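Participant: Take a look at the following structure, please.
Read the figures in this text as sums done on the coordinates, not as results from a lab. Everything numeric in this text was worked out from a predicted model, so none of it was measured.
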Amino acid sequence: MRELSTASDFWNDNAAASSHLKKISLLEKEINLWKDLDSVKGDVEVLLEFAEAGESTLTEVNIELDKFVTTIEDLELKMILGEPKDVQDAIITIHPGAGGTESQDWAEMLYRMYTRWIERKGFKKDIMDYQPGDEAGIKDLTMTVKGDYAYGLLKAEAGIHRLVRISPFDSNSRRHTSFVS
């Protein structure tokens, strides 16, 4: 695959070249995960031998075991998200349902939740469309989430999200149910 990227006509089609380089990057990351797994496994075995001989503590072994488990979980996730589209970017749209300001506020809460999740995962977001609410919240939002396996991780995030709470926008402090899709 690397040889193809050195061909003189490789950059004639930018979209295809970019896609090809992304595939190479994903494969290299997966190969490195397998190498890391093997390396950490060896470290754990050595530390266990040292611990048995009294030259190492169980705390050091536990630290390496945590690394080992994290690497296994990363590999397991990559295997679960094995469909070709899973590695792609994702598009999130947020639309408040009936309920006016209350639903628009709920839409903004969901947007903040997704934004924090995106930041924690190390992904990037591009807002394509944003319409603020009249008093508070969001009337409509569309954003692209860019990162490895963004689509695979977000593909189940579909449907209606429901919130039941005492509304801060109701002077009578009544309970309101809000929906966002």
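Participant: Once every DSSP H run of n ≥ 4 in the chain is given -39500 (n - 2.57) and the sum is divided by its residues, what mean residue ellipticity at 222 nm do you get, rounded to the nearest 500 deg cm²/dmol? Walk me through the numbers on the way to the answer.
Facilitator: Values: 5 runs with 93 residues, N = 181.
It lands at -17500 deg cm²/dmol.
Participant: Which of 78/121; 41/124; 29/124; 35/146 have a Cα-Cα distance over 21 Å? Display every interim value, and only then the final one.
Facilitator: Details: 78/121 14 Å; 41/124 32 Å; 29/124 18 Å; 35/146 26 Å.
As for pairs spanning more than 21 Å Cα to Cα, those are 41/124; 35/146.
Participant: Please build a GNM for the chain, connecting alpha carbons under 10 Å apart, and tell me which residue among 55, 157, 73 fluctuates the most.
Facilitator: 55
Participant: Taking Rh as the Kirkwood radius, which is the inverse of the mean 1/r over Cα pairs, what is the Rg/Rh value for the range 1-95? Walk me through the numbers on the way to the answer.
Facilitator: Working: Rg = 19.9 Å, Rh = 16.6 Å.
Rg/Rh for the range 1-95 comes to 1.20.
Participant: Based on alpha-carbon atoms only, what is the radius of gyration of the range 86-180 relative to the globular estimate 2.2 N^0.38 Å? Write down the numbers at each step before the final one.
Facilitator: Working: Rg = 14.3 Å, N = 95, 2.2 N^0.38 = 12.4 Å.
For the range 86-180, the normalised Cα radius of gyration is 1.16.
Participant: Rg to Rh for the chain: what is it, with Cα atoms only and Rh by Kirkwood? Each step should come with its number before you reach the end.
Facilitator: Details: Rg = 23.4 Å, Rh = 20.3 Å.
A ratio of 1.15.
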